[in-house]
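Below is one structure, written out as structure tokens, with a few remarks after it.
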Amino acid sequence: MKLVPTSLMKHAAIAGLCLAAMNGARADAFAQSVLLIDNFRLLHSSGDAFKSTDFTTFFDNVSVTSTASLNGVSSTATIDGSTPDLAHQFVGLPTSPRAENDFAHYSALPSVPGTFGYADQNMTGNAVTIGSRAAGARVETRGEASLGSDGHAGGRSDVGTQTLFQFTLGTSDSMSISFDAKPMTQAYASIGSGSETNAIARLDWSINIKNATTGEMMLNYTPGQLNGDGSTSRNGHAFGTSTYDPGWLTFSARSLQLNANEMYQLTINQSTYANAMQKTAVPEPGSLALFGLGLLGMSLMTRRRK
């Protein structure tokens, strides 16, 4: 029996390992978006917080929607109220990836925390002083999409897409808003994941006040640090991690003069959005065979030259 040379066996083994690695290539994609709004208040021109007794009419309703999805399967919940706390939504594993109302962001990447879509929201407090309750609302939203395997994941939480404050002032005055915010977005795509892998995270926050009768815009405020500046993305060509995390920021804006006994409408929009998609590019069988044969051929040529 003729023995196969050891060197040839080594080259064949290397070729086999390369083929296996190519055949088993896998990419990871991850995106997270978290927005914390704290101490949100409606203020007089004097700087004092509005009280419920400053309004002759005051009606508020907050509509919240959270959606998590994974490979075409979605979980969505909607709630209305003055201070809604919507149960977190998730699809995938681990179940659940984090506790209810946990708004701390993941900090240990590139190791992705699982394969899932996730969204959560919570709102507490009030924007004006009501009785003994001082003004100061807190609104927290998050969305996450994590893929440790091929697929499509998404997480989105919308607070105030239909937030509606309708009010009439007893005395003419301007209205200022004041709040602190902590935005954070992050996107990650692993090396060699290909053009069909991408991760996107973004934020949206805006407020406007308009005359409910005339439609005149009295305030329209969309700070860039809570909108376009917070958009992050990565893909198979631009792999690695992108992070937007400026820490706590302070914001304020003032409306035009609001007339007494006229109806106004105040609308706030807050959204956190994360999306991840990946499709690992696997070489066709013919390409794999040619690659393996090429390696074996090179080993034979090297052996003959010796």
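Assorted remarks:
- Matching residues in region 56-73 - criterion: being surrounded by 22 or more Cβ atoms within 10 Å (Cβ to Cβ) and small (Gly, Ala, Ser): Ser66, Ala68, Ser69
- All positions within region 201-230 that are part of a loop (DSSP other than H, G, I, E, B) and open to solvent by less than 70 Å² (accessible area, probe 1.4 Å): Ala212, Gly215, Pro223, Asn227
- Scanning region 111-146 for residues that are touching a strand residue (DSSP E or B) at 6+ places or on another chain (Cβ under 6 Å), in contact (Cβ under 8 Å) with a residue 60 or more places away in the chain, open to solvent by 20 Å² or more (accessible area, probe 1.4 Å) and not in a loop (DSSP other than H, G, I, E, B) gives Met123, Thr129, Arg138, Glu140.
- Considered as a group, the residues in region 128-146 that are closer than 18 Å to Trp205 by Cα and among the hydrophobic types (A, V, I, L, M, F, W, C) include one that is nearest to the chain's Cα centre (by Cα), and that residue is Val139.
- Ala108 being open to solvent by 60 Å² or more (accessible area, probe 1.4 Å), of a type in the set (A, V, I, L, M) and outside any strand (DSSP E or B): yes
- Residue check for Thr57: at pLDDT 80 or above, in a strand (DSSP E or B) and either of a type in the set (Ser, Thr, Tyr) or over 30 Å from Asp204 (Cα atoms) (or both): yes
- Failed item in (1) touching a Phe, Trp or Tyr at 6+ places or on another chain (Cβ under 9 Å); (2) outside any strand (DSSP E or B); (3) among the small types (Gly, Ala, Ser), with Ser149 passing the rest: (1)
- Here Ser174 meets each of (1) open to solvent by 20 Å² or more (accessible area, probe 1.4 Å); (2) modelled with pLDDT of 95 or more; (3) of a type in the set (Gly, Ala, Ser) with one exception, condition (1).
- Among the residues of this structure, Thr78 counts as one that is open to solvent by 30 Å² or more (accessible area, probe 1.4 Å) and either over 21 Å from Gly240 (Cα atoms) or among the hydroxyl-bearing types (Ser, Thr, Tyr) (or both).
- Of all the residues in region 152-164, those that are open to solvent by 20 Å² or more (accessible area, probe 1.4 Å), more than 30 Å from Lys279 (Cβ to Cβ) and assigned to a strand (DSSP E or B) number 1.
- Here is the figure for region 231-259: residues that are in contact with a strand residue (DSSP E or B) (Cβ under 7 Å, 6 or more places away or on another chain), on the phi < 0 side of the Ramachandran plot, open to solvent by less than 60 Å² (accessible area, probe 1.4 Å) and among the small types (Gly, Ala, Ser) total 4.
- Residues in region 37-54 that are acidic (Asp, Glu) and not in a strand (DSSP E or B): Asp48, Asp54.
- Residue tally, condition at pLDDT 95 or above and not β-branched (Val, Ile, Thr), over region 156-169: 2
- Every pair of residues 6+ apart whose Cβ atoms lie under 8 Å, when the first sits in region 37-55 and is farther than 19 Å from Met263 by Cα while the second is of a type in the set (Lys, Arg): Ile37/Arg138; Asp38/Arg138; Asp38/Lys182; Asn39/Arg138; Phe40/Arg138; Ala49/Arg41
The values are calculated or read from the model by the stated rules, or taken from the named source; none is laboratory data. It should be emphasised that the depicted structure is a prediction, and the values quoted were computed from it without experimental measurement. Heads up, the Cβs are rebuilt from the backbone with ideal geometry, glycines too, and the neighbour counts pull from every protein chain shown. Side chains included, ligands, DNA and RNA excluded: accessible areas come from the protein's heavy atoms. Shrake-Rupley method; radii C 1.70, N 1.55, O 1.52, S 1.80 Å.
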